[in-house]
Structures are given as C-alpha cells and as structure tokens.
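Read through the structure below, which is laid out as structure tokens, and then see the notes.
The values are calculated or read from the model by the stated rules, or taken from the named source; none is laboratory data. Because the structure is predicted, anything quoted here is derived from the model rather than measured. Please note: Cβ atoms are built from the backbone with ideal geometry, for glycine as well, and neighbour counts cover all protein chains shown.
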C-alpha cells in the first residue's frame with residue numbers, strides 16, 4: 001500500500017513538473033520553428049547567394065556547430081548555477097531569519113525570474129539543436145545566430161543582475177514590488193467595475209492588507225543591528241509617502257459601502273442610549289453586541305505606523321540630514337489631504353512625522369561620530385522647525401479648500417452626483433457627504449421606479465449635503481486649532497526644560513508664522529461656512545446645523561505669548577559675531593521681539609509691552625557691539641551709523657510709549673522712564689552717547705534698514721490717528737482756528753499735517769526726556785528743537801485757553 005501511494009505521489013510530481021515545463025518546451029520549439037520558417041521564406045525571396053546565413057549548414061561543419069552549441073549549453077548551465085549560488089548567499093545571510101513572505105519576495109523577484117527563464121530557454125534551445133543535429137536535420141545560420149544572441153545576452157544579464165542581487169543586501173529594494181501591489185489594489189478598489197462587485201472589492205482589500213504586513217517585516221529587517229545606512233529606510237519612506245499621495249486621490253472614487261474598508265466594532269454609549277433599549281437591558285441584565293462600521297482610515301493608520309519606524313531609522317543615521325529631505329514630500333502630502341478635508345488622514349501623517357523629527361531634535365547623539373557637532377546642531381534646528389511646518393501647511397490646505405468652496409457650484413455638483421455615480425466619485429467631496437449622497441441616490445432611484453419621477457425636492461438634498469460639508473469643514477478647522485498648542489507651546493516648553501533655548505527659539509518663530517496665518521486666513525473659512533449656510537432650508541423641520549466649537553486659541557494673544565517666550569530666550573542666543581553658516585537666531589528673535597513691543601505699545605497691551613520692551617532694553621548694548629563686530633569690514637562712519645540702530649530703536653519705543661500714554665491716558669511710560677532713570681544713575685555718560693547716536697542718524701543720508709522700518713512704523717501710527725479721528729483739520733493758526741487735534745500738546749504736535757509727515761518718535765523721547773539729562777549747551781539738533789517748539793506752542797495755547805477771558809472770573813458762583 002505504501003509503495004502504491006509513493007508511486008502515485010511520484011507520478012503526480014512528474015506530471016506536475018511536465019505540465020509546468022510544457023510551456024517552456026513549446027516556447028523553445030516554437031521559437032526554433034519560427035526562425036527556420038522565417039529563414040526559408042526569406043531565402044526563397046532573396047536567394048541563397050545574397051544571405052548565406054539563411055541557408056542550412058552543410059554536414060562539413062557538424063563538429064564546429066556541435067562544439068559551439070555544446071559550449072553554449074555548458075555556459076548556460078554554469079550561469080544558472082552561479083545565479084542560484086548568489087541567491088543562496090544572500091538568502092542565507094540577510095534573509096536567514098525573515099518571514100516566508102519576505103524571502104518569497106526575494107526569491108521570486110521579477111528580474112530574477114525573467115533571467116532564470118531566459119537561461120532555461122537558452123539551455124533547452126541548445127539541447128534541441130543538438131538533438132536536431134543528431135537526427136540529421138541541419139539548422140539554418142539564422143537559428144544559430146538567434147541562440148548565440150540569447151546566450152550572449154544571458155551572460156551580460158548575469159553581470160547586471162549580479163550587481164542587483166548583491167544590492168539586495170539592502171532589503172528596501174524588495175519593497176518596490178509591494179508598492180506596486182498596493183497601487184494595483186487601490187486601482188482595483190476604485191475601478192467602476194468593482195462597484196457592487198464584492199468579490200473584486202474583497203480581493204483588492206486582501207491584496208492591500210498583505211502588503212503593509214510584509215512592509216512591517218522589511219522595516220524590522222532594516223532595523224537590524226547589521227544595517228546602519230539611512231538610504232534603506234529613506235527609500236521605503238518615500239515609497240510610503242507616494243502611496244499615500246496616490247491614495248488621497250483614489251480614495252474619493254471608492255464607494256463608502258465597499259468591502260475595501262475594514263470593518264471595526266462600534267460600541268454603544270450607555271449614557272446616551274435609546275430609552276427603550278436601555279430599559280430592556282436593565283430589566284434583563286444583558287448587554288448589546290457592538291455594531292460594525294467601516295474604518296475609512298485603516299490604510300492610513302497602517303502606513304503611519306510604518307512611517308514612524310522608517311523615519312526613526314532614517315533620522316538615527318547621518319544626523320538625520322537625509323531624512324529631513326523628505327520634509328517637502330510630507331508637507332505636500334498633508335496640504336493636499338487637508339485641501340480635500342481629509343484632516344484625520346493628514347494628522348495621522350503629521351503625528352508620525354513629528355514623532356520621528358522630535359527624536360533627532362532631542363537626541364544627544366543625533367547621528368554617527370563622522371558627523372560634526374555643528375552639522376548635528378544645524379540638523380536639530382531644522383528638525384525643530386519642521387515640527388511646526390506641517391501644521392502651517394495643513395492650515396493653508398484648509399484655506400485652499402475654503403476658497404475653492406466659494407467658487408464651486410455646489411447644487412450643480414450635488415445634482416450630478418445624484419444622477420450619475422461617476423460624477424459622485426470624481427468630485428472632491430468629504431467621505432461623509434459621499435455616503436449621504438449615495439443613500440440619496442439610491443432613494444431617488446427607487447422614487448423613479450415607483451413614482452416614475454423624482455419626488456424629493458432639490459432644496460432638501462442641498463440642505464443635507466451642505467450640512468454634511470459644513471460639519472466636515474468645521475471638524476477640519478477644529479482639529480487643526482486643537483493641535484496648535486501641543487505643536488507650539490508644549491514643544492517650546494519641552495526644549496526649554498531640556499536647556500535648548502536655541503530649539504525653543506526655532507519653534508517659537510515658526511509658531512509665530514502659524515498663528516499669523518491662522519489670524520489672517522480665518523476669514524476664508526468663515527466665508528465658506530456662510531456660503532454653505534446659504535443652502536440651509538428651514539422647511540426640512542431639522543434645525544440642527546453644525547456650529548463652530550469654542551476653542552481657547554486666540555491668535556493675537558497667543559502671538560504675544562510666543563513673543564514673550566522669545567524675549568526670555570534672547571540672552572541665551574547671544575553671539576559675539578554673526579556666522580553665515582548658522583541661522584541668526586539672536587538677530588531674528590531680537591527683531592521679532594522689537595516689533596512685537598511696538599505693536600503691544602500701540603494696542604495698549606501693557607503687560608506684554610513691558611516684557612518685550614525690557615528685553616530690547618537689556619539687549620541694547622550687546623546688539624550694538626555685535627553690529628560693530630559684524631560690520632568690521634566697513635568704514636568707520638558706516639559702522640558707527642549702523643551700530644547706533646539698537647540705541648535709536650529703544651529711544652523710539654520709549655517715544656511711542658510716551659505718546660500712547662498721552663493718547664490713552666494710561667500706558668507703560670512710567671515703567672520705561674524708571675528704567676532710563678536707573679541706567680543714567682549708573683552711567684553718567686549714557687545721555688550724551690544717546691544724543692550723539694541720534695545726531696548721527698538724523699544727519700545721515702544713508703538708506704538703512706532701521707530708517708525704512710521707522711518709516712513703516714510711522715505709517716502705522718498715522719493709521720492709528722486716522723482710526724481715532726485725530727486730525728489737524730480743525731487747527732489752523734493762520735486762519736484763526738483754535739481747536740487743537742487732541743487735548744495733549746504732545747499728541748497735537750505729532751499729528752501729521754495734510755502732507756502726512758511727522759517726526760520719528762525717538763525725537764519725542766529726546767525732546768521730552770533726554771534733554772533734561774544732558775549738560776547745558778548740548779546741541780540737540782534742528783529736528784528736536786523744532787519738535788520742542790511745536791509742543792511748546794500747543795502748551796502755550798492750551799494754557800491760554802484755560803485762562804479766563806477779560807471780564808470773566810475763575811470764581812464760580
């Protein structure tokens with residue numbers, strides 16, 4: 001019995017081998033026959049004399065032909081053995097302990113399979129020629145030439161493929177096949193032929209699910225101790241990002257009830273459960289099995305998990321420099337996802353990116369010993385900035401979506417989606433809205449079958465579609481705003497606690513950009529919300545409409561908080577001289593804090609204004625010295641002129657504080673004045689040095705950056721006067737009009753005339769405060785003297801107006 005069973009198994013094995021090889025045998029035989037027939041046909045047309053190669057070889061060359069073919073067969077057999085030996089070496093080392101799926105990817109690599117088939121065809125073809133020769137059939141020269149060409153190509157292919165095989169010591173090459181497999185699965189799921197075809201949908205999902213699982217094995221293999229090259233995980237990262245980019249477009253074409261989506265449990269909320277079901281459960285002491293719902297993020301979640309590992313591995317090699325290069329791909333991906341209102345998908349990618357980037361920013365090693373400390377530091381600063389950049393681009397993606405909504409003819413899109421499924425899956429609609437319109441389309445199709453016409457009015461579908469899109473828009477906005485604090489303030493505090501004020505400053509300045517864009521572009525989101533609300537119809541008897549959730553984020557207030565954090569960091573960022581090889585964190589933070597102090601003074605934000613001004617005041621001397629060092633190659637006059645800017649800046653801010661004290665009747669001028677008093681008490685030469693700096697600036701005709709900034713700030717002050725209604729229209733000494741622009745002589749003197757010109761505010765500081773600390777006879781310059789006279793005239797007029805007219809008494813009855 002055992003022998004019979006063994007014979008059956010042997011027969012089955014032989015039959016299987018024969019059937020498997022039959023295709024190759026037929027291909028070889030057919031190829032040789034085709035070459036022989038071709039040679040015969042062409043020989044009959046052109047003749048033997050013109051193309052001797054088409055003639056059959058005579059018997060005198062039997063020995064040479066047999067030797068040639070035999071050598072070709074031997075070479076093919078040797079090459080086949082060399083190939084399998086190479087495969088065995090790689091498989092027994094790198095792929096020794098891997099899963100069967102990964103090993104199968106390597107062994108069945110497409111180029112390798114093609115090469116093996118070519119070798120086998122060469123070997124089989126040579127053997128067939130030898131048999132033909134032995135049977136007395138003389139093959140034509142064309143057939144031998146074809147076999148020779150195939151033998152030469154296989155020899156060259158071994159060189160090419162051999163290099164490729166040893167390249168498989170980098171397992172990331174295997175993942176290319178997985179990438180193609182995933183893309184094929186996505187195309188199948190989104191193909192119109194798959195709609196309503198559960199078999200195709202299920203097959204596509206299975207194909208897609210197996211690919212990430214094999215990716216995990218490859219990633220773990222890359223994480224092995226023998227692999228320390230950043231290129232492997234980086235290559236896989238780029239593949240995964242490309243997959244997500246393609247999927248973000250393909251996803252909209254997959255029906256929401258497709259088998260492509262993974263089904264996950266949906267448990268009941270017992271605190272909000274339907275009263276009837278709750279009563280039954282309590283009376284019977286039972287529970288309810290969870291329902292199931294499609295998980296529209298299953299693929300993004302799997303890929304995000306892989307990204308955390310691949311990015312982490314890439315960032316640990318070569319200081320993360322190569323991995324940081326993927327930032328553009330990540331930013332492009334998240335902005336496209338958010339523009340499609342796929343915010344959960346975008347956040348999944350952003351979280352994976354942030355975790356990996358944070359590892360390089362906070363790592364004490366941050367790379368191999370071959371990487372210099374300065375390079376690592378630069379990479380860490382670049383990484384810290386890229387912790388915030390994705391959120392900036394996600395917000396811009398939302399703004400793009402909001403602006404696009406305002407331009408779209410939404411009722412027309414919704415109507416087309418109900419009539420034509422292809423229009424529904426080509427449009428950019430949120431997943432929930434597509435699901436809703438799918439249900440509406442099915443209901444309307446039933447109406448047409450039963451009633452012969454559409455019963456549901458268009459305004460009804462527009463109402464619910466607009467409500468669904470409003471909910472998606474607001475959910476996207478809320479998710480982004482909720483993420484701001486953890487990406488800005490929390491990161492900043494983390495770096496500060498680790499003693500990395502440089503990284504805290506980088507995050508702070510990137511946060512300023514984020515908050516500014518939120519403040520500027522929030523109106524676009526509100527406009528899109530209003531447009532969607534215009535489709536709301538109260539006739540639906542459904543007054544539930546999505547509303548913006550309360551969020552603690554206040555961009556203006558949070559910007560001031562960030563600026564105060566930067567003010568704290570400035571002393572730790574000091575450098576004696578600018579180095580063009582590094583970001584000028586000190587200079588950038590100083591400029592941001594200075595302009596923040598100006599804004600806070602004009603806006604009456606006293607607490608922030610004091611903190612920001614005092615930071616600039618404390619850095620006045622260091623900034624001056626650094627400018628002298630930075631400009632050492634300029635002539636003395638230019639160097640002194642430019643280095644005076646920090647002094648002029650602090651005097652200018654003091655002038656604005658004094659002016660706003662007069663405008664509002666409150667402010668920070670007393671605090672600022674006390675600071676100057678303390679300085680002058682310890683440095684008696686300071687007043688004269690400040691006056692000299694002011695004289696140098698006022699007498700200089702150089703177009704400096706500081707001068708342009710002072711002009712910009714003057715324009716802002718002019719706008720403030722206009723908003724407050726403070727004008728000189730009612731004051732004209734020559735016409736006899738005696739109504740000043742403002743009760744304060746200082747404000748009246750600085751209100752611009754019809755020409756829109758007034759002095760820079762450092763002259764006010766000199767005229768009203770610094771003069772009192774200068775020695776008698778000090779030349780204060782024409783501009784200061786002119787402003788003093790202006791203020792004096794207004795004061796005199798104010799005093800005169802307060803005195804009683806002749807014949808009147810100050811005594812009240």
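Things worth noting here:
- Of all positions in region 553-576, at least one carries a residue that is closer than 21 Å to residue 472 by Cα and either in the same structural domain as residue 609 (by TED's automatic domain parsing) or in a loop (DSSP other than H, G, I, E, B) (or both).
- Residue within region 666-686 that is exposed (fewer than 15 other Cβ atoms within 10 Å of the Cβ), over 15 Å from residue 652 (Cα atoms) and under 42 Å from the mean Cα position of the chain (by Cα) present: no
- Test for residue 692: is it assigned to a helix (DSSP H, G or I) and either touching a strand residue (DSSP E or B) at 6+ places or on another chain (Cβ under 6 Å) or over 19 Å from residue 608 (Cα atoms) (or both): yes
- Residue within region 475-492 that is loosely packed, with under 13 Cβ neighbours inside 10 Å and outside any helix (DSSP H, G or I) present: no
- Counting only helices (runs of 4 or more DSSP H) wholly contained in region 134-247, the ones carrying 1 or more residues that are modelled with pLDDT of 85 or more, within 26 Å of residue 336 (Cβ to Cβ) and within 24 Å of the chain's Cα centre (by Cα) occupy 175-190.
- Residue that is modelled with pLDDT under 85, surrounded by fewer than 19 Cβ atoms within 10 Å (Cβ to Cβ) and assigned by TED's automatic domain parsing to the domain that holds residue 204, where the choices are 326, 272, 284: 272
- Filtered by the rule that a residue be free of Cβ contacts under 8 Å to residues at least 40 places away in the same chain, closer than 17 Å to residue 624 by Cβ and in contact with a helix residue (DSSP H, G or I) (Cβ under 8 Å, 6 or more places away or on another chain), region 635-682 gives 639, 643, 646, 650, 679.
Conditions (1) in a loop (DSSP other than H, G, I, E, B); (2) modelled with pLDDT of 90 or more; (3) closer than 20 Å to residue 532 by Cα, marked per residue:
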| site | (1), (2), (3) |
| --- | --- |
| 436 | no, yes, yes |
| 447 | no, no, no |
| 454 | yes, no, no |
| 465 | no, yes, yes |
| 468 | no, yes, yes |
| 472 | no, yes, yes |
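- Any hit, region 536-553, residues being in contact (Cβ under 8 Å) with a residue 40 or more places away in the chain, over 22 Å from residue 436 (Cα atoms) and within 19 Å of the chain's Cα centre (by Cα): no
- Residue match in region 629-639 (condition: surrounded by fewer than 16 Cβ atoms within 10 Å (Cβ to Cβ), within 43 Å of the chain's Cα centre (by Cα), at pLDDT 90 or above and in a helix (DSSP H, G or I)): yes
- Of the criteria (1) part of a helix (DSSP H, G or I); (2) over 19 Å from residue 593 (Cβ atoms); (3) modelled with pLDDT under 90, which one residue 662 fails: (3)
- Residue 504 being at pLDDT 95 or above and not in a loop (DSSP other than H, G, I, E, B): no
- Qualifying positions in region 415-430 - in contact with a helix residue (DSSP H, G or I) (Cβ under 6 Å, 6 or more places away or on another chain) and in a helix (DSSP H, G or I): 416, 417, 418, 423, 424, 425
- Residue in region 453-463 that is surrounded by fewer than 15 Cβ atoms within 10 Å (Cβ to Cβ), in the same structural domain as residue 534 (by TED's automatic domain parsing) and more than 28 Å from residue 195 (Cβ to Cβ) present: yes
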